[in-house]
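Report on the following structure.
The values are calculated or read from the model by the stated rules, or taken from the named source; none is laboratory data. Remember, it's a predicted structure, so these values are computed and weren't measured experimentally. Counting neighbours? That spans all protein chains shown, and the Cβs are built from the backbone with ideal geometry, glycine included.
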Amino acid sequence: MKTLLEVKNLSVSFKTFFGEVEAVRNISFDVGSSETVAIVGESGCGKSVTANSIMQLLPMPPAFFKNGQIIFNGKNLLDKSDKEMEVVRGNEISMIFQDPMTSLNPTMKIGKQIVEGLIRHQRLSKSEAKKKAVEMLNLVAVPEPEKRVNQYPHEFSGGMRQRVMIALAMVSTPRLLIADEPTTALDVTVQAQILELMKEIQNKLEMAIILITHDLGVVADMSDKVIVMYAGQILEEGLTDEIFKAPCHPYTIKLLASVPSLNMSRNEPLHSIDGTPPDLYIPPKGCSFYDRCENAMKICKDYMPEFHSRSATHRSRCWLNHPMAKDSERGES
C-alpha cells in the first residue's frame, strides 16, 4: 500500500500565561492510501491537536510547531503557505469536526455551505453543485434533502447537523478524510449507516481515513490500524487485531478493560483507570503513565524507552518487556 501521509517527529506546543504546554510530543506515524487509522486515548491526550496540525487549523499563536514534518502526497504541509493550504483543505484533505454546533456557519443555508466548496474546488456550475449537495444529504440519511438544503443550521437537530458535517466533508471526495468523533451525536442505527457509507466511499475512491474516537467498538469495526496516545505521545501502535487481542502497553490494556462487556454481571463494577494524566506544563522525564501504572518499575520514572517491536506491524513503548531493561530494574519502585 502506498503511503499517503507520513507524520515525522511532530511536536506541537501552546504558549500560555503560565508557560509552554507540550500538547504533542515527538510523534511519528503513517497512513496508507486506502487505510483507516484510528487514534484513541483519553481526552486531552493530543488526538485533536494532531488532526488540526495536519489541517493546519491551529491558532498561531498561541500554538507553534517545535519540530517535525507532515508529508502528504510527497510534500511537507508545514512548508505550504496559507493560500496553498486553502487548496488542500476541503479538496485533498477534509475533516469532520467534533462539534457541528460551532463548525457550521449559522448565517448560511446548509445547501450554500456545501455548494460553496464544490464550486471552488471542483469547478461545478451552481445548479450541478446544488444537485450534488442534495444527493449527498440523501446519502447521509437527511430526510427531505430537497427541502433541507434551503434551511439554516438552527433548523436541524444535533444529530442532523452531524450528518450535514459528514456530507460537507465527503462531498468533494478527498484523498484523506479526518473524522474527529464523527458519530458522537448519532443514534446507533444512523451511526451504523454513516460508518457503512464511509466504508463504501473509501473503497470506491481509495480514500484514507484518520478516525479519532473514544468508541472502541467503532475502532474495532472500522480501522485497519490503531494508534494509542497518552499525554501527547504514542505509547502503542499496531494492526487492529493485534491491539485488541494482544495489547502490550499497560495503558492500552486498561483502556480496553474499561469498555463494558455483554458478559458483565449486573453487580459487577465498571473498570476505570485510577489517577489523572500528567501536567503537560512540566512533562515527566520518564514514562508519562508511570503514576497510574500498577506495573511501574524503577527505570520507568526517569527514562522513556524507545519503541520496541513485537512484530513488523506492532510496537510499543514500555520497559516491562523491553529487551534493554535489566533484571535489576524490573523490581517495583
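For residue 52, state whether it is of a type outside the set (Asp, Glu), in contact with a helix residue (DSSP H, G or I) (Cβ under 6 Å, 6 or more places away or on another chain) and either outside any strand (DSSP E or B) or modelled with pLDDT under 85 (or both).
Working: of a type outside the set (Asp, Glu): yes; in contact with a helix residue (DSSP H, G or I) (Cβ under 6 Å, 6 or more places away or on another chain): no; either outside any strand (DSSP E or B) or modelled with pLDDT under 85 (or both): yes.
No.
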Just one listed residue, out of 200, 155, is outside the structural domain of residue 130 (by TED's automatic domain parsing) and either surrounded by fewer than 16 Cβ atoms within 10 Å (Cβ to Cβ) or more than 26 Å from residue 119 (Cα to Cα) (or both), and it is 200
For the stretch 169-194 the number of residues that are under 17 Å from the mean Cα position of the chain (by Cα), in contact (Cβ under 8 Å) with a residue 40 or more places away in the chain and in a loop (DSSP other than H, G, I, E, B) is 6
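If you check 66, 75, 47, which single one turns out to be surrounded by 20 or more Cβ atoms within 10 Å (Cβ to Cβ), at pLDDT below 90 and charged (D, E, K, R)? Write out each step before concluding.
On the way: 66 fails: surrounded by 20 or more Cβ atoms within 10 Å (Cβ to Cβ); 75 fails: surrounded by 20 or more Cβ atoms within 10 Å (Cβ to Cβ).
None of the other options fit; the residue is 47.
Out of the stretch 292-317, which residues are β-branched (Val, Ile, Thr) and either within 22 Å of residue 277 (Cβ to Cβ) or at pLDDT below 85 (or both)? Before you say what the answer is, go through the steps one by one.
Kept after step one, since they are β-branched (Val, Ile, Thr), are these residues of the stretch 292-317: 299, 313.
The answer is 299, and nothing else.
Kindly establish whether residue 166 is part of a helix (DSSP H, G or I), under 24 Å from residue 46 (Cα atoms) and of a type outside the set (Asp, Glu). I'd like the intermediate steps shown before the answer.
On the way: part of a helix (DSSP H, G or I): yes; under 24 Å from residue 46 (Cα atoms): yes; of a type outside the set (Asp, Glu): yes.
Yes; evaluated as a whole, the condition is true for this residue.
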Conditions (1) more than 18 Å from residue 4 (Cβ to Cβ); (2) under 23 Å from the mean Cα position of the chain (by Cα); (3) outside any strand (DSSP E or B) -> residue 65 fails only (3)
Being assigned to a strand (DSSP E or B), more than 14 Å from the chain's Cα centre (by Cα), in contact (Cβ under 8 Å) with a residue 12 or more places away in the chain and buried (at least 17 other Cβ atoms within 10 Å of the Cβ) narrows 12, 7, 24 down to just 12
Selection from the stretch 250-292 of residues within 18 Å of residue 228 (Cα to Cα), of a type in the set (S, T, N, Q) and part of a loop (DSSP other than H, G, I, E, B) yields 258, 272, 276, 288
Within the stretch 120-130, restricting to residues that are surrounded by fewer than 16 Cβ atoms within 10 Å (Cβ to Cβ) and assigned to a helix (DSSP H, G or I), the one that is modelled with the lowest pLDDT is 122
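Can you name the residue in the stretch 302-323 that is of a type in the set (Gly, Ala, Ser) and in a loop (DSSP other than H, G, I, E, B) and is also farthest from residue 248 (Cα to Cα) among such residues?
First pass over the stretch 302-323, keeping only residues of a type in the set (Gly, Ala, Ser): 309, 311-312, 316.
Imposing the further condition that a residue be in a loop (DSSP other than H, G, I, E, B) reduces the set to 311-312.
Values: 311: 11, 312: 14 Å.
Within the stretch 302-323, the match that is farthest from residue 248 (Cα to Cα) is 312.
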